[in-house]
Amino acid sequence: MDSSIIKMLFVSVLWGSTNPLIKKFSSGIENCQSNVEKLKFLLFRPFYLFSLLGNQLGSVLFYVLLGSTDLGIAVPVVNSLTLLFTAIVGAIMGEGQVGVKGAVGTLLIMIGTGICNFERVAIRTFHIEHLSSDITHDKTHLMSKK
């Protein structure tokens, strides 16, 4: 399996699993009156801090991923998989089941992302094959002139 695929999956799992955790471990912050109270509230919640750290680790890895992967592929794939993993982890944590509309929406996003990426990969493959056949043709043509 390509290392960029593994990186995209890893970032998606990190973001998708930490989003519901951040939401869960920050519950109660709405009762804080000032920003200082909110900061104290969050700083003394270790599970919130670990979740935030995992989320930020995903952001750093995503930034590294963008340096080695096509932007047009990495961004939609990671974002759509993050949505999927957020829905799964949220359902496991009891945030509610994903309804039919949510499941269909997620499926459509995944299909659309797959179609867009298939087209990009097919175009890139065609151009590479086309270029290599042109080079072979040019070499043959030059050799025949000698």
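Rule-based calculations on the coordinates, nothing more; no lab input. Please read all numbers here as calculations on a predicted model, not as lab measurements. Every residue, glycine as well, gets a Cβ built from its backbone with ideal geometry; the counts of neighbours run over all protein chains shown.
Go from 0 up to the bin containing the longest alpha carbon distance in the range 20-87, width 10 Å each, and give me the % of pairs per bin.
Taking every Cα pair in the range 20-87, the percentages come to 18, 37, 26, 16, 2.
Points 7 angstrom from Cα along the Cβ direction at Leu49 and Ala91: gap in nanometres?
3.4
In debye, nearest 20: dipole of the range 1-113 around its Cα centre with unit charges on the Cβ of K, R (+) and D, E (-)?
That gives the range 1-113 a dipole magnitude of about 260 debye.
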